[in-house]
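Notes for the one structure printed next.
The values are calculated or read from the model by the stated rules, or taken from the named source; none is laboratory data. For clarity, every value in this text was computed on a predicted model and none was experimentally measured. Neighbour counts are summed over all protein chains in view; Cβ atoms, including those assigned to glycine, are modelled from backbone coordinates with ideal geometry.
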Amino acid sequence: MAELKRRLNSHRKWVLGARGGMQADLSFHDMSRLPLPGVVLRNAKLIGTSFAGSNLSRADLKATVLMMAEFEGADLSQADLLGADLRGACFNGANLAEANLAGADLRTGSLGAVSTKNQPSPGAAITRQTKLVDANLNRAILVGSNLGNCDLTGAELVDADLSGADLTGAILVSTDLSGATLRNTTLTGAVLSGTVLDADGIALMAELGINPDGNLEPLGERLFELLAHHQDWLDSEGRAGQRLELDLVDLSEAPLAEVDLSAAKIQRCDLRNANLAGSNLMMADLSHSNLSGADLSGANLSGCAMRRVNLTGASLRDSILLGVPLGDIDRPWPTNLQYARLNGCDLRCRAAAGVILRHADLTGARVNMALMNGSDTSGAKLPTTRV
C-alpha cells in the first residue's frame, strides 16, 4: 500500500508539472476495494487494472487509458473520465451518477492492440465488449462518447446527456433513458426491448424508424423444438436433452401456458403479452426481460430471478413466490424482483415468502398480504392500497 501511495503521489506531481513526478503505469494491478476518492490519475496507463468495489468518486481520470479495466461495483460518481479510453472495460453495477464521460471511447476492446511492460505473456488477442450492465449513469455527461456495441442492459441513464454520442449496435435492453438528451445521437442497429423512454425519446425512435417496444429476432417454430429438448433435460435430470437458454429473443404472445420452464434461462427476452398461465418457472432466470401484459396467473415463480423485469400490466394472480431450499444453504433461495417495474400489475398471489422487492416500482399494483408479509421492500415504491 505504501508503494502504491508513493506512485500515486509521483503521478500527481507529473500531472502538475512538479519536479520528481513520473507518469504512472499501473496496468494489470489489483486496486480493488480501495478508498480512492478524488484520486488524480489523469493520463495514466491502467490497462487491465482492477478497481472492482473501489471508491473513485470525484476521481480525475481524464484521458486515462483504462482499456479492459474492471470497475464492477465501483463508485465513480462525479468522476471525470473526459476522453478516457474505456474500450472493453467492465462497469457492471458501478455507480457513475453525474460522471463526465464526454468523448470517452467505450467500444469493444482488444488487448492485442496495446503494449505495456506489465502485460501478461503473449498469446491470442483478448477481445471484450464494454459492459455497463445495471450501471448507474443518471445525469452523466456522455456528449460525443463512442458507445458502439456497448452493453447497457439494465443501465440507468435518467437525465443523462448523450448529445452526439454513437450508440451504433449498443444493447439498450431494459435501459432507462427517461429524460435523457438524445440530440444527434446515432442509434443505428441499437437493440431495444423494454427500454424506458419519455415522449421525446419515443418520438425520436419513430423518426429514426426504430420500434421503441423492441426489435429482437423471433424464434418462430424453433421454440417448440427447444422446449421439447428442455423437457427431456428435466425428465432425465440433465443426462439427456438440453437446458433452455435464450437471450435477446422475441417471444411476444408466446403460448407457454402450463409449460415446465423450471431452471430455464430466458434473459433479456421480449415476452410481452405472453401466455404463461400455470407455467412452472421455479428457479428460472427471466432477468431484464419484458413481460408487460403477460399472463402469469397461477404460475410457480418460486426462486425465480426476475431482476429488472418489466411486468407492467401483467397478471400474477394466484401465483406462487416461495423460497426454494437449496442443500446446505440456511435460507431458502427467494424470488427476486429487485428493480422490477410492476406498475398496474396484479400481484395478488396465492402464496409468497421472503420475496425481494428492493427498489421495485409497485405504483398502481394490486397486492395482498400474502405477498407483502416478510418481503424485502427497501427502496421500493409501494402501492397506496392493498387487497
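A few points about this structure:
- Taking the criterion of being within 22 Å of Gly53 (Cα to Cα) and crowded, with 16+ Cβ neighbours inside 10 Å, the residues of segment 8-32 that qualify are Leu8, Ala24, Asp25, Leu26, Ser27, Phe28, His29, Met31, Ser32.
- For segment 95-114, a tally of residues being touching a Gly at 6+ places or on another chain (Cβ under 8 Å) and either over 22 Å from Ser163 (Cβ atoms) or without any contact (Cβ under 8 Å) to a residue 12 or more places away in the chain (or both) returns 4.
- Residue list for segment 5-31, restricted to those being among the small types (Gly, Ala, Ser) and either closer than 12 Å to Leu46 by Cβ or not assigned by TED's automatic domain parsing to the domain that holds Ser50 (or both): Ala24, Ser27
- Residue pairs meeting the criteria (Cβ under 8 Å; at least 6 apart or on separate chains; first closer than 16 Å to Ala228 by Cβ and of a type in the set (Asp, Glu), in segment 255-283; second assigned to a loop (DSSP other than H, G, I, E, B) and at pLDDT 95 or above): Glu258/Ala277; Glu258/Gly278; Glu258/Ser279; Asp260/Ser279
- Per the listing Gly201, Gly278, the residue uniquely surrounded by 14 or more Cβ atoms within 10 Å (Cβ to Cβ), in a loop (DSSP other than H, G, I, E, B) and out of contact with any Ser or Thr (no Cβ under 7 Å at 6 or more places or on another chain) is Gly278.
- Any hit, segment 53-62, residues being among the hydrophobic types (A, V, I, L, M, F, W, C) and either surrounded by fewer than 22 Cβ atoms within 10 Å (Cβ to Cβ) or touching a residue at least 40 places away in the same chain (Cβ under 8 Å) (or both): no
- For segment 69-87, residues that are surrounded by 22 or more Cβ atoms within 10 Å (Cβ to Cβ) and either at pLDDT below 95 or among the charged types (D, E, K, R) (or both) total 4.
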